[in-house]
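Data first, discussion second: the structure below is written as structure tokens.
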Amino acid sequence: MIRDILVPLQYNASDSAALAAAALLAVAHEARVAVLAAVAYPVPIASEWGMATTMVSQVDFDRVLGAARAAGEVARLQVERAGADCELRVVETLLNEPEEAAALHGRHADLSVFGGMLPEGPDARFALGFSALLLDTGRPVLMVPPSAKLLVPPRRVVLAWQPRREPSRAIHDALALLPRDARVDVLVLDPEVGESGHGPQPGADIAGHLARHGLQVKVVALPREGRSTGTAIVDYASQQQADLVVMGGYGHSRWRQRILGGTTRSVLEQATFPVLFAH
């Protein structure tokens, strides 16, 4: 059951798609949307000249806070005009970063909805915000690219499957969003057959499990053919005109993903459709 949905504002064009998706979900599930406008308060530091702030003056902070409140009100009105129940939370953080505040609020929600990367590239804090929601809330994150529109309920779903905890968590979190007759393609890339891999029939076990939930399931095993895993997922989902991709996020450490790229980062950069991540 979906009852509480969190949308942390990034204060850029990506917020609109996230708010629209959250409103659609809230109407369909009789849920409430919480729009979070978080602002970091300048922390005072001591020096031989007395106390000074590390960021901005009080006047500057008041201006930033006022802009955050205004953006939050615009966001709240967008959600309410779509027919959903909505509240605005304006949070001033002193010891924590805004991303940490978002993670705290995300623990009290069923789902966080986050705007995707902008065409010109991610905002400087995009990765911090996304990873905080995904890794520090214990809840799934629905990423909605700026050009995407979420179909509610989604009918054509691609599950990027590996026999690991993150994809398993993701598809079970996604069940609350899926109609019983949704079509789910279990996408298995370069499966490793064996006891510690995908088993004798890659994807068959999870496909049977999902079919018992009433879903129309098909296993699709494909080679990557020199592509990265993230690119292969995006290519297949695009070809199938998927309404939603479901996948685990940050299966490896964030540091390793930063160095090597990683599937999560690759999908975030390339996806033009909504993606439900879980960790």
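For segment 117-137, enumerate the residues that are open to solvent by less than 30 Å² (accessible area, probe 1.4 Å) and either within 17 Å of A23 (Cβ to Cβ) or assigned to a helix (DSSP H, G or I) (or both). Result: F126, G129, F130, S131, A132, L133, L134.
For first residues located in segment 209-234 and at positive phi, partners that are outside any strand (DSSP E or B) and surrounded by fewer than 20 Cβ atoms within 10 Å (Cβ to Cβ) and lie 6+ apart or on another chain with Cβ distances below 9 Å form the pairs G214/P179; G214/R180; G214/D181. With respect to V79, determine if the residue is more than 17 Å from A18 (Cβ to Cβ) and either part of a strand (DSSP E or B) or in contact with an Asp or Glu (Cβ under 9 Å, 6 or more places away or on another chain) (or both). For V79, the condition - more than 17 Å from A18 (Cβ to Cβ) and either part of a strand (DSSP E or B) or in contact with an Asp or Glu (Cβ under 9 Å, 6 or more places away or on another chain) (or both) - is not met. Evaluating A102 against the criteria (1) closer than 30 Å to T264 by Cα; (2) touching a residue at least 12 places away in the same chain (Cβ under 8 Å); (3) open to solvent by 40 Å² or more (accessible area, probe 1.4 Å); (4) assigned to a helix (DSSP H, G or I) leaves one unmet condition, (3).
The set of residues in segment 223-239 that are open to solvent by 60 Å² or more (accessible area, probe 1.4 Å) and touching a strand residue (DSSP E or B) at 6+ places or on another chain (Cβ under 8 Å) comprises P223, R224. Counting only residues that are modelled with pLDDT of 95 or more and either surrounded by 15 or more Cβ atoms within 10 Å (Cβ to Cβ) or touching a His at 6+ places or on another chain (Cβ under 8 Å) (or both), segment 60-73 holds 2 of them.
Which residues, counting only those in segment 26-44, are in contact with a strand residue (DSSP E or B) (Cβ under 6 Å, 6 or more places away or on another chain) and either hydrophobic (A, V, I, L, M, F, W, C) or at pLDDT 75 or above (or both)? A26, A31, R32, V33, A34, V35, L36, A37, A38, V39, A40, listed by residue number. All conditions in (1) surrounded by fewer than 21 Cβ atoms within 10 Å (Cβ to Cβ); (2) touching an Asp or Glu at 6+ places or on another chain (Cβ under 9 Å); (3) farther than 18 Å from P274 by Cβ hold for A176, with the sole exception of (3). If you take the residues in segment 138-153 that are over 12 Å from the mean Cα position of the chain (by Cα) and not small (G, A, S), which one is least open to solvent (accessible area, probe 1.4 Å)? Top of the filtered list is L150.
The values are calculated or read from the model by the stated rules, or taken from the named source; none is laboratory data. Bear in mind that the values here come from a model prediction, so they are computed numbers and not experimental data. Backbone-built Cβ (ideal geometry, glycine too); neighbour counts: all protein chains shown. For accessibility, only protein heavy atoms count, side chains too; no ligands or nucleic acids. Shrake-Rupley method; radii C 1.70, N 1.55, O 1.52, S 1.80 Å.
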